[in-house]
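What follows is a single structure, written as structure tokens, with notes after it.
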Amino acid sequence: MATDRQITTASWAGNLPENLSYLAPTQFELLIKKLPNTKYFATGVNVPSIDVAEIQQPTRYGANVKVPGDKISYGAITVTFIVDENMENWTELYDWMSQITSSTDAEKYRTLVGANRRANEPYDGSGDPDAVYSDMTIVVTTAANNPNRYIRIRDAFPTNLGEITMDTTVAGGLSYVTCNASFQFTTFEIAATS
């Protein structure tokens with residue numbers, strides 16, 4: 001008795017993506033509301049990693065089954081930038097970090113959030129506490145430098161500002177000082193339009 005079997009064949013022509021261009025690592029622009037001087041000097045930025053924790057679900061057969069958890073976590077954003085000659089972009093970050101950590105000078109925090117200023121009194125909760133955050137956007141561009149995707153990062157704040165290394169032994173000609181800064185945030189989204 002013969003059995004009819006159908007052989008599945010692939011139709012590659014019908015499954016081609018609309019855009020066959022590769023993503024180039026140099027095709028981006030970085031916009032940070034609180035750091036306007038960083039836009040022109042950013043040389044690198046990462047799209048953060050995303051993790052979903054798994055949960056081990058016990059079964060009656062003795063083997064645990066892994067299922068997706070209910071929490072998502074994001075990695076840090078690291079920005080690499082060339083430090084300008086007047087150190088304005090580095091100073092912007094330094095000032096922001098000094099302001100959000102009111103442990104060094106409570107007046108800096110009060111100024112940042114627009115709080116009522118009362119000398120020698122503790123912070124009274126007035127002002128806008130959301131002023132410690134800044135939204136960021138990574139604009140990914142096409143090979144023709146046209147905006148293609150917008151990675152919108154919400155409520156970012158700096159957690160690390162790297163060192164500045166001066167070195168008189170740099171070989172091979174002119175080299176510029178670069179610095180890294182790390183940021184945490186609440187969430188991000190990727191959109192095709194601004």
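The values are calculated or read from the model by the stated rules, or taken from the named source; none is laboratory data. Quantities reported herein were computed from a predicted structural model and do not represent experimental measurements. Counting neighbours? That spans all protein chains shown, and the Cβs are built from the backbone with ideal geometry, glycine included. Surface accessibility is based on the protein's heavy atoms, side chains included, excluding ligands, DNA and RNA. Shrake-Rupley method; radii C 1.70, N 1.55, O 1.52, S 1.80 Å.
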Inset, instruction - Would you kindly derive the ³J(HN,Hα) couplings of segment 20-28 from the backbone phi angles with the Karplus curve 6.51 cos²θ - 1.76 cosθ + 1.60 (θ = phi - 60°), listing them in order in whole Hz, with x for Gly and Pro? - result: 9, 7, 8, 7, 8, x, 9, 9, 7
Legend entry - E107 - accessible surface, heavy atoms, 1.4 Å probe, Å² rounded to 10: 70
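Can you give the extra length, in nm with one decimal, that the chain gains between Y74 and T186 once fully stretched, where that is 0.36 nm per residue apart less the Cα-Cα distance?
On the way: separation 112, 0.36 × 112 = 40.32 nm, distance 0.83 nm.
Full extension of this stretch gives 39.5 nm more.
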Inset, instruction - Please work out the FRET efficiency for the pair S175 and E29, using the Cβ-Cβ distance as r and a Förster radius of 22 Å; give the result to the nearest 0.05. - result: 0.40
Legend entry - Potential extension, N19-T141 segment - 0.36 nm per residue separation minus Cα distance: 42.6 nm
